[in-house]
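Notes follow the structure.
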Amino acid sequence: MGLGAYVAVSAALFALGVVAIIVRRNVLYVLMGIEMILNAANINFVAFSHFQGGALDGRMFAIFTIILAAAEAAVALAIVLNVFYLFDSVRPSEADLLRE
Amino acid sequence: MEPSSKIFYGALSLLTLAALGAGLVAAGAEGLAFGLFSVLTLGGALVCIWERSVVRSAFSLMATFLGIAGFFVLLHADFLAMAQILIYVGGILALILFGVMLTPPDLTERKISRVLGGLVVFGLGFAWVGMRVAESATWAVTEKGPAEGVNNAKRIGVGFLAADQYVVAFELAAVVLTVALVAAVYIARRRRADLEPMEGQGGGA
């Protein structure tokens, strides 16, 4: 399969991630949408690295993306729990106060 | 099962068959594998958006992550495929499921079939932009894969630790992970003042 097929799948996954963030009301769907978008970027990184003779740079970028996605998921989950304790809701549109 | 769900899953099955067949016709066994992985990836994401229950969405996201690991295998990135399965399926998905279990279900979640018109417009617009980009972009690729018999894990390990490559980014990533995880524990802990009224009144945050 050529590079174009991978880029097309990656673009479709990116679009689905954006849809998940926009359409759903639960903040956990926003988290899932962000993971989809990061994974779409990873497919692109690895595909371009592969089709440039197996260069290492794209894979390194993908690994660092995965590392940062893990950190992001942990912090985001902590924020979600705190928002639920403070606002008694998991809708992002209802968390609109900076103070308790 | 609701009628709209029946239509959705029927269409998804047909699309699966179509993608597998198209891949098989286009590029043989590799195309079949590519079709399977793209169906896993995009189908998982579609089901994740379609389902209104967060648990089902989280589990369908597992199919997405596994499909992407399959893409990494197809792209000769074996180490990344293993890391993808370990970190995403084993770590991040488990974290999301913890989030699902610690928060209540939102019973007023909207149905996708209600916003279908907007989604179609969004998809067509995105596809149009993608076509325009695809026909105007020139990508500097050689279209040849890596040499056979390359030890990817060893290359990545050397790349992490060689002083002229990624050692600074590697150490920074370690620091970022440590700080982020400690901060996550600090943010998520419940303060004593929050806990006491819970015990007295038996509920209400």
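The values are calculated or read from the model by the stated rules, or taken from the named source; none is laboratory data. These figures come from a predicted structure and were not determined experimentally. Backbone-built Cβ (ideal geometry, glycine too); neighbour counts: all protein chains shown.
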Point to revise | Only one of B:R56, B:R110 that is surrounded by fewer than 17 Cβ atoms within 10 Å (Cβ to Cβ), modelled with pLDDT of 85 or more and charged (D, E, K, R) | key: B:R56
Exercise for review: Name the single residue, out of those in the stretch A:51-93 being over 22 Å from the mean Cα position of the chain (by Cα), farther than 20 Å from B:A188 by Cβ and within 8 Å of another protein chain (Cβ to nearest Cβ), that is surrounded by the fewest Cβ atoms within 10 Å (Cβ to Cβ).
Suggested key: A:G53
Practice item. Hand me the list of helices (runs of 4 or more DSSP H) wholly inside the stretch B:31-135 holding 3 or more residues that are at the interface with chain A (Cβ under 7 Å from one of its Cβ atoms) and either within 30 Å of B:G10 (Cβ to Cβ) or free of Cβ contacts under 8 Å to residues at least 12 places away in the same chain (or both). Key: B:54-74, B:93-102
Review point. Among the residues of the stretch A:40-62, is there at least one that is at pLDDT below 90, in a helix (DSSP H, G or I) and in contact with a strand residue (DSSP E or B) (Cβ under 9 Å, 6 or more places away or on another chain)?
Key: yes
Check your understanding: What is the number of the single condition among (1) surrounded by fewer than 23 Cβ atoms within 10 Å (Cβ to Cβ); (2) assigned to a helix (DSSP H, G or I) that A:R25 does not meet?
Key -> (2)
Review point. If we scan the stretch A:66-89, do we find a residue that is under 15 Å from B:V54 (Cβ atoms) and outside any helix (DSSP H, G or I)?
Key: yes
Review point. Looking at B:I87, is it assigned by TED's automatic domain parsing to the domain that holds B:L46 and either acidic (D, E) or under 30 Å from B:S4 (Cβ atoms) (or both)?
Key: no
Check your understanding: Taking the stated definitions as given, is B:T16 part of a loop (DSSP other than H, G, I, E, B) and surrounded by fewer than 20 Cβ atoms within 10 Å (Cβ to Cβ)?
Key -> no
**Study point:** Selection within the stretch A:28-55 - over 23 Å from B:L116 (Cβ atoms) and of a type in the set (V, I, T)
**Key:** A:I34, A:I43, A:V46
Point to revise | All positions within the stretch B:141-156 that are at pLDDT 65 or above and more than 8 Å from chain A (Cβ to nearest Cβ) | key: B:N151, B:A153, B:K154
